[in-house]
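Presented below is the structure to which this report refers.
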Amino acid sequence: MGPVPALADTIEAALVRAYQTNPQLNSQRAQVRVTDENVPQALSGYRPKVAVTASAGVQYSDSISTAGGDANRLVRTHLFGTNAPRSAGLTASQTLFNGQQTANKVRSAESQVSAAREALRVLEQTVLLSGATIYMDFLRDSANVEVQRSNVRVLEQTLKQTKDRFNVGEVTRTDVAQSEAQLAAGKTQLLTAESTLTTTRANFRRIIGSEPVALAPGSPVDRFLPATLTAAIELALIENPNVTSAMFGIDVSYLNVKVNEGALFPTVTLQATATQSYESTLTLQRSFTGALTTNVTVPIYQGGAEYSLIRQSKETLAQQRLVLEQTRDQARANVVQAWGQLEAGKAQVISAQAQVAASEIALNGVREEAKAGQRTTLDVLNAQQALVNARVALITAQHDRVVASYNVLNSVGRLSPIVMNLQTETYDASVHYHQVRDSWVGVRTPSGQ
C-alpha cells in the first residue's frame, strides 16, 4: 500500500484513505487470502503422500513348541527370554486415478478464488460509496449548521429591531412575541443541526479513518459514467461484481457435481513400503521387507450417501442458476433506480438554485415594504424562514446530486480506484494466490498483500 495522506481534504483523498485503512475492507482481503489456500489443498491430491513410522519396546516371551512328523518321536523346544524389538518403515502412496475428483476439486477451488475476488470488489465498491456518501453528508450537515447559525443571527437582529420599534410605538407586543418565538425555533433548528453534524463526524471517522478537516467541495463523477441508461444497464450485466460472483458460483456448483459423481468411479493407487526390523523375536535378529503394490478399489454400494450427494449438488447448481437470474434482475433495477435519482438530482439542483434566488429577492422586498408599513413583522419572519428552507433544500440537492453519481457508478460495477484514477496503489489479490498455489511445504504465511 502507498503512503496514507495526513488529511482527507478532498473527496478523492478521503476515498484513498478509506480504501487503504478501512478495517472491514482489510478483513475481506484476508478472507480472499484464506480462500486462496483452497487451491494448494486441492492440488495436494496430485502429489504423493509419504510417511515414516518407527517403533521400539521391550517384550518377554515364554513358549514351548513341538516338531516332527512322528507322534512317538516329538521334539520339544522351550524358548523364553527378553528382547527389544525395533523397527523403522517408510510408506509412499500415489493416487493414479480417482474419477477425476482431484482435477475437478482444483477447478472448483480456482472458481472459489475468483468468486472471492468478486466479493472483495463488491465490498470495495460498498466502502468507496460509503466514503463518498459520508464525505458529502459532512459537507451537507456542516453547511446546514452555518445556515442555521446565520438564521439565528438574523433573527436576533430582527428581534432587536422589533423591540426598538415597539418602544417607539410602531409595532405591538404581538410582533415582539412573534419575533421571540421565531428566534426560539431557529435556535432549536441550530441545536438539531449541530447534533446531526456530531453524528456525521463520528461516522466519517469510522469509515474514512480520520477526522474531517477543511474539506473541499465534492464533485460528481459523471465523466466516468456511460452516456445512456441503456449502455449503463448493459455494462452492469457484464461488470457488476454481484453478477460476476454469481457466475463463478455456478461454476463451483457444477464442479461439485462432477466431484461427487467421481466417487462412483474406481480408485487406483500405487503404494511402496520399506521396513527394517531388529530383534522382532527371540530368534530373529534383523529383517528387511519391501513392497510395491497397486491397489484398485471399485465401489459397489456404500449405503446410498454418494447418490444423495450427487442429487443434492445438482439441486444446488439449479439454485445457483436462479440466483444468477435474480442478481441480474436486481442489478438492472439498481441501475435504473440510480440513473433516475441522478437525473432527478440534476433537476433539483437547478430548481433549488432558482428557489434561493427568488427567496432572497422576496425577503429583501418584504423588508422594504415592512419599513413602509405595508408588511407586518410576521411577513418578514415568514420570508426569512422561506429563505432558510430554500438554502437547506439547495444544500441537500447538491449533496444528493453528487451521491447519485457515485451510486450510478457503483451500480454498473465501476466504482474502483483504477476507474476513478485515485492516487493509491491498488490491492492485487493475485500476488498472494501465486505465492501459495504451488507451495508444497511451509507453515509461514507469505508476505504478499
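Restricting attention to segment 184-209, the residues that are among the β-branched types (Val, Ile, Thr) and touching a Phe, Trp or Tyr at 6+ places or on another chain (Cβ under 7 Å) add up to 1. Among the residues of segment 308-330, those that are closer than 21 Å to ASN260 by Cα and open to solvent by less than 90 Å² (accessible area, probe 1.4 Å) comprise SER308, LEU309, ILE310, SER313, THR316, LEU317, ALA318, GLN320.
Out of the residues in segment 91-143 that are in a helix (DSSP H, G or I) and either of a type in the set (Asp, Glu) or within 30 Å of THR289 (Cα to Cα) (or both), which is farthest from the chain's Cα centre (by Cα)? Top of the filtered list is ASP141. Annotation for segment 168-180: at least one member residue is among the acidic types (Asp, Glu), open to solvent by 80 Å² or more (accessible area, probe 1.4 Å) and without any contact (Cβ under 8 Å) to a residue 40 or more places away in the chain. When you look at GLU118, is it among the acidic types (Asp, Glu) and either open to solvent by less than 20 Å² (accessible area, probe 1.4 Å) or without any contact (Cβ under 8 Å) to a residue 60 or more places away in the chain (or both), yes or no? Criteria not met by GLU118.
The single condition from (1) free of Cβ contacts under 8 Å to residues at least 60 places away in the same chain; (2) hydroxyl-bearing (Ser, Thr, Tyr); (3) not in a helix (DSSP H, G or I) that THR281 fails is (1).
For segment 359-398, a residue qualifies if it is open to solvent by 60 Å² or more (accessible area, probe 1.4 Å) and either under 21 Å from GLN148 (Cα atoms) or of a type in the set (S, T, N, Q) (or both), and the qualifying residues are GLU360, ILE361, ASN364, ARG367, GLN374, THR376, LEU378, ASN382, ASN389, ARG391, GLN398.
Residues are listed down the side, and each one gets a yes or a no for (1) in contact with a His (Cβ under 7 Å, 6 or more places away or on another chain); (2) under 30 Å from PHE248 (Cα atoms); (3) small (Gly, Ala, Ser); (4) surrounded by 18 or more Cβ atoms within 10 Å (Cβ to Cβ):
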site	(1), (2), (3), (4)
VAL34	no, yes, no, no
THR82	no, no, no, no
GLN101	no, yes, no, yes
GLN125	no, yes, no, yes
ALA132	no, yes, yes, yes
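The values are calculated or read from the model by the stated rules, or taken from the named source; none is laboratory data. It should be emphasised that the depicted structure is a prediction, and the values quoted were computed from it without experimental measurement. Note that we place each Cβ from the backbone using ideal geometry, even for glycine, and neighbour counts take in every protein chain shown. SASA here: full protein model, heavy atoms, side chains in, ligands and nucleic acids out. Shrake-Rupley method; radii C 1.70, N 1.55, O 1.52, S 1.80 Å.
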